[in-house]
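Here the structure comes first, spelled out in structure tokens, and everything after it is commentary.
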Amino acid sequence: MTRAVREAKKYAGFREAFGMTIDHFPLMKENIARLENVARRTTAGAFKLYRDFLALEGGLKAGLVADEPDDVRKRRFEVRELIMLQKITAAWDSTEVLHEAMSVFGGHGVMEDFSSLPRLYRDSAVNELWEGPRNVLLTQIFRDIKKVTGWYAPSELVRNILKGLNVEAADKLALEITDIMALPDSDIGMWRRWDIFCADFFHACQNLALHEVERTAKEARRE
Ligand SMILES: Cc1cc2nc3c(=O)[nH]c(=O)nc-3n(C[C@H](O)[C@H](O)[C@H](O)COP(=O)(O)OP(=O)(O)OC[C@H]3O[C@@H](n4cnc5c(N)ncnc54)[C@H](O)[C@@H]3O)c2cc1C
């Protein structure tokens, strides 16, 4: 994702159409800024989660461990779910970003002998599948959260993970997960809502991580 955005940005500053470089067109500016933001928030989210993983005493531990203090058990559970959420969200976004980045190159974007983007696009589709295809991980996350409801309410899980994000956005997601969890597994519409919820929720986690990085960088510049 990061590479695709970097290359698309450079190309847009080089390619001329209608008498100017294409990065002067407002639509192109919007496309590139949005893709850049997705790549940045994905990177920030990945590093934040890896930090949280490293901070877990004894690592993830297999299954859902019961004999630990409540706060440790909850933290371990959060990291377990966030790893799966990150996998499906980053893999999905990567394919979309690559697809859009290829379009910045116009016809050149789909030519394998011109740029590496078609190869990265194909690789990205593999990332969506291996180590757990989307449906399988969505189902696993759903089952896990349902299973622990007795000691970790879904709304509390969402609010804890999103601590630092604006309260309104966190409340909306907490409400949505509570509603979804009350629906039966046989409800097909529920699964669509679950899929959308997981993407929105993890994007919120990534935005929060990016916000934290930017705030820290700003403070460092001030010192
Ligand atoms: C390039 C490449 C390299 C690989 N390397 C390795 C490797 O080194 N080691 C290894 O062990 N594996 C490897 N794999 C296998 C990879 O992990 C599997 O392809 C992947 O887990 C999907 O399993 P599957 O192909 O059997 O698909 P299936 O399980 O048949 O899935 C097909 C579709 O059904 C959906 N589906 C499956 N179960 C459910 C469910 N319960 N609910 C809803 N939908 C469901 C899936 O989401 C998917 O959309 C590799 C795959 C590729 C493409």
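Laboratory data are not the source of any read-out in this text; all were calculated from the coordinates shown. Predicted model, so just to flag it, every value in this text is computed and none were measured. Cβ coordinates were reconstructed from backbone atoms using ideal geometry, including for glycine residues, and neighbour counts include every protein chain displayed.
Figures for the structure shown
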{"item": "Cα centroid of the range 60-116 to Cα centroid of the range 21-35, whole Å", "result": "25"}
{"item": "Long-range amide H partners of LEU162 with built H, under 5 Å", "result": "none"}
{"item": "Value of Rg/Rh across the range 2-222 [Cα atoms, Kirkwood radius]", "result": "1.03"}
{"item": "Theoretical ellipticity at 222 nm over the chain - DSSP helices of four or more residues, -39500 (n - 2.57) apiece, nearest 500", "result": "-24500 deg cm²/dmol"}
{"item": "From phi via Karplus (6.51, -1.76, 1.60), per-residue ³J(HN,Hα) for the range 126-142 in Hz, x at Gly/Pro", "result": "5, 4, 5, 9, 6, 6, x, x, 3, 4, 5, 6, 4, 5, 4, 4, 4"}
{"item": "Whole-Hz couplings from phi, Karplus 6.51/-1.76/1.60, listed for the range 5-22; x for Gly and Pro", "result": "5, 4, 5, 5, 5, 5, 4, 5, x, 10, 6, 9, 8, 6, x, 8, 6, 5"}
{"item": "Positive-end residue of ASN37, SER94, THR21, charge dipole of the chain with Cβ unit charges", "result": "THR21"}
{"item": "Sites matching trypsin sites (Lys or Arg not before Pro) across the range 12-77 that sit in DSSP coil, with at most 13 neighbouring C-beta atoms within 10 Å", "result": "LYS61"}
